[in-house]
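Take a look at the structure set out below.
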Amino acid sequence: MQIVIVHPDTATAVEWRDSLAERLVGARVTIDRTCEARAGGPPARYAVGWQPPAGFFDRHRALEAFFNMGAGVERLLRDPQLPARLPLFRLEDGGMGEQMVDYCVHEVLRLRTQSALYEAQQAASHWVEHPPRARASLRVGVFGYGVLGRQVATALRQLGYPVAAHNRTNPSGGPGIITAGDPAGGGIDLFTGPQQFDAFLARTDVLILLAPLTPATESLFGVGAFARLPRGAWLINVARGALIDDAALLAALDRGHLRGATLDVFRSEPLPADHPFWRHPAIRLTPHVSAPTVVADSVAQVADKIRRFADGQPVGGQVDRARGY
Ligand code: OXD
C-alpha cells in the first residue's frame, strides 16, 4: 500500500510518516516531493495531508482517497486541481473535542465570574465586589452541532447553563426543535435550518461558532445576525474567521450592542499586525490554538479509516462536496 503525506510543516509531515508507517505495517509511506517519494515504486493510492500545495493532485494522479489531517476542508475544496470524484475524508475529533470543550468552558466561566472586571480592578488596586452573574443569564448558543459542537454544548449543559444549538439539519432526522424537556436532546434545545436561525440568536447570550466554513456560512454573522443577539451578548469564534464580517463585529462592539468577543480564528492567519482586532478593548484573541489536532489520536483514526477504505467498509467523516463539509 502506497501512501503520500503532505503538510506545510516538514517536522509534522515526518511525524505523520513515521507514526502511520508504524500503524500500517507493510505500507510504504513517503512525504510528497522528497527523494524517497521520487525514488520510484508504484504511485500513491492514498494521500494524508493538510493544505496540499498547488500541483499536488497533478503529481499524484493514482490517488483513490484523500484523508484530511484536520476537520476543516474549505481550502481543499477550493483547489482547482482537486479531482472531481476523489473521495475525501475529514478528521473527526482527533483529540480536538476535549480541548475545544475546555477552551469554550473557560471563556464562559470567565464571564460568569466576571474575571475581566476583577483583573482590571487588581491592576488598579481597586477593591469592589460585584453581584455574581447567574448561570441563567448566560444562555449559551452553539452554532454547529457536529462532532465538536455537540461536546461543547453537552459540557456546558452539564455545568448547568441553559444551552441551545443550531444545526443545518436535525441530526435525528425530525423536523422540529428538540426541547429541553425532550430526553433526545439531553436538555439542549436544538434549532434547525435558516427558518429557526433568528429565534436561536434571540435567545443566545453567549454565541459559540463551531460550524464549518461553507458558501452558506461565509459572512453569515454580519450586521443582521449581530443585531438579533440580545444586547450585551458575547461571541466566541473557534470555527473559521470568515464566518463573521469583521467590520460588522467591530461596529457591534463599538456601539455596545455586543459586550465582547473571544476570537481564535481569523480571515487571514496570522492576523495582520495592523488589524484592529489586536487592540480592541472588548476582544480577547488567541492564535488559532483552541484545539490543535493531537497527532497520536489523529494518526490512529486515519490509519483506521485507510484500513476500512481499503477493505471496502464504510468510512466515517466522508466529505459531502455539495454541502461543503
Ligand atoms: C481544523 C483546524 O480544521 O485545526 O482541524 O482548524
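What follows is calculated from the coordinates using simple rules that are stated; it is not laboratory data. Remember, predicted model here, so these are calculated numbers, not experimental data. When we count neighbours, we look across all protein chains shown, and the Cβ atoms used for this are built from the backbone with ideal geometry, even at glycine.
Just a few scattered comments:
- FRET efficiency, 1/(1 + (r/R0)^6) with R0 22 Å, evaluated for THR113 and ARG203 via beta carbons: 0.45
- Mean residue ellipticity (222 nm) of the chain, computed from DSSP H runs ≥ 4 via -39,500 (n - 2.57), nearest 500: -9000 deg cm²/dmol
- Order of HIS275, HIS130, HIS166 under a 10 Å beta carbon neighbour criterion, fewest first: HIS130, HIS275, HIS166
- Prolate/oblate/rounded call for the chain, Cα gyration tensor, a/c under 1.5 rounded: prolate
- As a length-normalised measure over Cα pairs under 8 Å and 6 or more apart, the relative contact order of the chain settles at 16 percent.
- Spacing of the two label points (7 Å from each Cα toward its C-beta) at ASP102 and ALA134, in nm: 3.2 nm
- Entry note, segment 211-278: relative contact order of 37 percent, from Cα contacts under 8 Å with a spacing of 6+ residues.
- Sparse-neighbourhood loop sites, GluC sites (Glu not before Pro) in segment 76-115 - DSSP loop, at most 16 other Cβ within 10 angstrom: GLU92
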